[in-house]
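Below you'll find the structure, written out as structure tokens, and then a few comments.
Every number in this text was worked out from the coordinates using simple rules, so none of it is lab data. On a predicted model such as this, the values are computed, not experimentally measured, just so you know. Cβ placement follows ideal geometry from the backbone for every residue including glycine, while neighbour counts extend to all protein chains displayed.
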Amino acid sequence: MKEMLNEIENTEHTSEKWFQWYKEFRPRTALEPHNVELVDINEDQIVLRMEIGDHAKQPYGLLHGGISMMLAESAASIHARWDVDLSKTAPVGIEVNGSHLRPATDGHVLTTARVIRKSKTLIHHHIELIHEESGKMLSMARITNLYKTL
């Protein structure tokens with residue numbers, strides 16, 4: 001992990017590099033057991049994708065709200081590292097605000113986090129969780145990460 005962080009610090013950030021890094025760090029995160037895929041990433045946004053299976057459902061067979069917030073926070077936290085010198089600064093979550101709008105029982109969730117505002121010390125993301133098959137919004141969230149000096 002330390003070698004990967006050093007590479008991220010010393011390399012120009014591109015979508016292609018992020019796909020490579022994602023494959024390396026996903027196995028040591030909550031993303032692995034839920035098989036969350038990286039679909040797209042650039043300086044403005046990130047898109048993650050997850051199948052709604054038993055691993056992601058609550059007892060009534062619906063997508064678990066905690067899983068939705070895990071997807072939202074993961075998307076924002078990963079994206080907050082874009083073009084950041086991780087040897088000097090670490091993005092840490094300081095606020096999560098989410099609303100669940102409708103249920104889903106199957107299919108796939110697309111999680112898109114877009115930058116609202118980025119400053120020297122904070123980055124704010126707006127996140128939408130969309131049911132891929134119907135195109136309907138399942139949840140939305142706002143995440144704030146603090147750029148903590150190391």
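Tabulated values for the structure
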| read-out | value |
| --- | --- |
| Cα lying deepest toward the dipole's positive end in segment 2-149, options SER15, GLY135, SER87, charges on Cβ | SER87 |
| Along the chain, longest interval not containing exposed trypsin sites (Lys or Arg not before Pro), exposed being DSSP loop plus at most 14 other Cβ atoms within 10 Å | 1-87 |
| Size descriptor, Kirkwood hydrodynamic radius, that averages inverse alpha-carbon separations across segment 2-149, Å | 15.6 Å |
| Residue-averaged [θ]222 nm for the chain, counting only DSSP H segments that reach four residues, each worth -39500 (n - 2.57) | -7000 deg cm²/dmol |
| Nonlocal Lys pairs with alpha-carbon distance under 30 Å, the chain (8 or more apart, or different chains) | 23 |
| Simple Cβ-charge dipole of the chain, Lys/Arg +1 and Asp/Glu -1, about Cα centre, in debye nearest 20 | 540 debye |
| From phi via Karplus (6.51, -1.76, 1.60), per-residue ³J(HN,Hα) for segment 117-130 in Hz, x at Gly/Pro | 7, 10, 10, 5, 10, 9, 9, 10, 10, 9, 10, 10, 10, 10 |
